[in-house]
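Visitor: The structure follows.
The values are calculated or read from the model by the stated rules, or taken from the named source; none is laboratory data. Fair warning: this is a prediction, and the values are worked out from it, not measured in the lab. Methodologically, a virtual Cβ is constructed for each residue, glycine included, from the backbone with ideal geometry; neighbour enumeration extends over all protein chains shown. Note: accessible area is taken over every heavy atom of the protein model, side chains too, but ligands, DNA and RNA are not part of it. Shrake-Rupley method; radii C 1.70, N 1.55, O 1.52, S 1.80 Å.
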Amino acid sequence: MSRLSQFGHKLYTGEVSYDFVGKRKIFYLISAALLVISLAAIPIRGLTLGIEFVGGADFQVGMQVNAQTVDQVREAVKGSGVPDLDDIEVTTIGDNTVRVQTRTLDAESEVPEVRKSIGEVAGVPGDDVTYSLIGASWGQQITQQAVIALFVFLGLVSLMIGVYFRNWKMSLTALAALIHDLILTVGIYALSGFTITPATLIGMLTILGYSLYDTVVVFDKVRENVRDLKTSNSRTYSEAANLAVNQVLVRSINTTVIGVLPVAALLFAGAFILGVGPLKDLSLALFVGMVSGAYSSIFIATPLLAQLKEREPEMKKLAARVLARRSKQEKASAPTEPAATAAKAAKKPAEPDDVEAAEASTEDDTEFENYPKSKSSMPISVGSAATPPSRVTRPLSEAAAKRPQPQNKPRSQRRKS
């Protein structure tokens with residue numbers, strides 16, 4: 001079994017756990033900072049809208065494409081004599097078509113000059129260069145339809161989550177995670193200067209599905225962990241939700257990495273190899289959305305759900321019961337007062353008075369051993385009818401000192417007491 005599999009097993013069984021829910025304030029602050037930066041970048045940096053939203057002219061011509069084609073066409077258009085053509089977009093479609101997008105041009109005076117310049121590079125007459133003028137009203141219609149699609153999607157998502165989980169708080173937190181991902185994605189576009197095109201809108205609508213997928217997976221595990229929570233005193237709602245996040249953590253990481261790797265390859269190809277085009281616009285939205293979706297489902301949606309649920313009266317009562325049960329277990333497992341006192345006394349160093357007492361007791365024992373033993377204290381042979389005393393009383397040292405000591409003088413010279 002690999003290390004990642006072992007780590008995932010420990011997370012699933014609860015042997016290893018990270019307190020995502022308990023440290024939610026840290027993640028809230030990180031997300032708030034990212035949202036503030038993203039929202040501030042939109043008016044400061046601005047969004048680079050594609051020709052489909054602001055209007056403009058689109059030219060296409062058939063020609064053999066090589067490494068110098070894009071630069072040659074760009075220089076030819078800038079040298080056509082038409083003013084304000086510094087910001088143009090030149091792309092190649094396959095190996096035999098060139099596409100040029102410019103600002104809105106006058107159909108009578110400016111369009112013929114641009115067509116002529118492009119035709120000279122391509123080696124064809126100017127009339128063979130096809131063109132189309134895109135008005136800003138068409139871009140407004142696209143934007144309007146995208147906004148309508150977004151709100152319809154969010155409404156259906158809220159309804160689906162509410163019916164599936166039977167919990168409106170899960171719907172609310174899932175929508176909060178989706179909005180979080182959308183704002184971050186738009187902010188990245190503003191900071192990076194990538195062009196927002198219809199492909200970008202498609203990518204943004206797609207990432208909502210990825211973000212929702214991760215959130216539903218986590219919420220489904222949360223629902224499984226809290227199914228019989230009201231009749232149990234083992235853990236609180238926050239602890240059950242945090243366990244669910246840990247149990248699906250490795251799965252979410254694996255899913256995100258597998259999904260992000262091909263999208264990262266598309267982004268690299270679109271941004272650094274092709275340079276421009278719908279591939280770059282689509283891949284950036286997918287890349288940012290998938291990463292932020294995995295982040296929001298773990299660090300935002302679930303902690304926010306636990307915070308809302310902990311405010312319910314039933315969850316408050318459950319938390320009180322869990323804390324009371326744990327306090328009772330701690331008191332039961334704690335040592336009693338006499339045992340604690342004895343253990344403390346055993347570890348306490350000997351005091352001077354105790355040392356003197358121990359030495360006096362040792363002296364008494366030595367004197368008792370040297371003192372002549374009486375008949376009653378002599379060992380009894382086997383088979384004797386006498387019964388040995390059950391306990392021998394040792395004489396005290398003071399009594400031994402007052403007892404008359406044997407004298408070596410003759411009996412006639414001894415002083416009579």
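Visitor: Of (1) surrounded by fewer than 23 Cβ atoms within 10 Å (Cβ to Cβ); (2) in contact (Cβ under 8 Å) with a residue 12 or more places away in the chain, Thr231 satisfies all except one. Which?
Guide: (2)
Visitor: Out of all the residues in segment 309-321, which are farther than 10 Å from Tyr237 by Cβ and either surrounded by 23 or more Cβ atoms within 10 Å (Cβ to Cβ) or among the hydrophobic types (A, V, I, L, M, F, W, C) (or both)?
Guide: The answer is Ala320, and nothing else.
Visitor: Residues Val218, Val222, Val157: which one is farther than 22 Å from Val260 by Cα, surrounded by 22 or more Cβ atoms within 10 Å (Cβ to Cβ) and among the hydrophobic types (A, V, I, L, M, F, W, C)?
Guide: Just a single option satisfies the conditions, and that option is Val222.
Visitor: Listed residues Ala265, Ala285, Ala301, Ala306; which is more than 19 Å from Tyr237 (Cβ to Cβ) and surrounded by 17 or more Cβ atoms within 10 Å (Cβ to Cβ)?
Guide: Result: Ala285 is the single residue among Ala265, Ala285, Ala301, Ala306 that is more than 19 Å from Tyr237 (Cβ to Cβ) and surrounded by 17 or more Cβ atoms within 10 Å (Cβ to Cβ).
Visitor: If only one of Val260, Val250 is farther than 23 Å from Leu182 by Cβ, part of a helix (DSSP H, G or I), open to solvent by less than 30 Å² (accessible area, probe 1.4 Å) and not small (Gly, Ala, Ser), which one is it?
Guide: The unique qualifying residue is Val250.
Visitor: Let me ask another. Condition first: under 15 Å from Gln72 (Cα atoms) and without any contact (Cβ under 8 Å) to a residue 60 or more places away in the chain. Now tell me which residues in segment 112-148 satisfy that.
Guide: Of everything in segment 112-148, those that are under 15 Å from Gln72 (Cα atoms) and without any contact (Cβ under 8 Å) to a residue 60 or more places away in the chain turn out to be Val114, Arg115, Lys116, Ser117, Ile118, Gly119, Glu120, Val121.
Visitor: What's the number of the only condition in (1) modelled with pLDDT of 80 or more; (2) surrounded by fewer than 16 Cβ atoms within 10 Å (Cβ to Cβ); (3) out of contact with any Gly (no Cβ under 6 Å at 6 or more places or on another chain); (4) more than 16 Å from Ile51 (Cβ to Cβ) that Ala122 fails to meet?
Guide: Result: Ala122 passes all but (2).
Visitor: Does segment 234-243 contain at least one residue that is outside any helix (DSSP H, G or I) and open to solvent by 30 Å² or more (accessible area, probe 1.4 Å)?
Guide: Scanning segment 234-243, I find at least one residue that is outside any helix (DSSP H, G or I) and open to solvent by 30 Å² or more (accessible area, probe 1.4 Å), so the answer is yes.
Visitor: Restricting the search to segment 11-52, which residues are open to solvent by 90 Å² or more (accessible area, probe 1.4 Å) and modelled with pLDDT under 85?
Guide: Of everything in segment 11-52, those that are open to solvent by 90 Å² or more (accessible area, probe 1.4 Å) and modelled with pLDDT under 85 turn out to be Tyr12, Glu15, Tyr18.
Visitor: Here's a check for you: in segment 53-75, which residue that is assigned to a helix (DSSP H, G or I) and of a type in the set (Val, Ile, Thr) is surrounded by the most Cβ atoms within 10 Å (Cβ to Cβ)?
Guide: Val73
Visitor: Restricting to segment 127-137, name every residue that is farther than 20 Å from Thr92 by Cβ and in a helix (DSSP H, G or I).
Guide: If the condition is that a residue be farther than 20 Å from Thr92 by Cβ and in a helix (DSSP H, G or I), then Asp127, Ala136, Ser137 are the ones that fit.
Visitor: If Met1 satisfies all but one of (1) open to solvent by less than 60 Å² (accessible area, probe 1.4 Å); (2) modelled with pLDDT under 80; (3) of a type outside the set (Phe, Trp, Tyr), what's the number of the condition it fails?
Guide: Going through the list (1) open to solvent by less than 60 Å² (accessible area, probe 1.4 Å); (2) modelled with pLDDT under 80; (3) of a type outside the set (Phe, Trp, Tyr), Met1 breaks only (1).
Visitor: Identify, by number, the condition in (1) surrounded by fewer than 16 Cβ atoms within 10 Å (Cβ to Cβ); (2) closer than 18 Å to Gly50 by Cβ that Ile148 doesn't meet.
Guide: (2)
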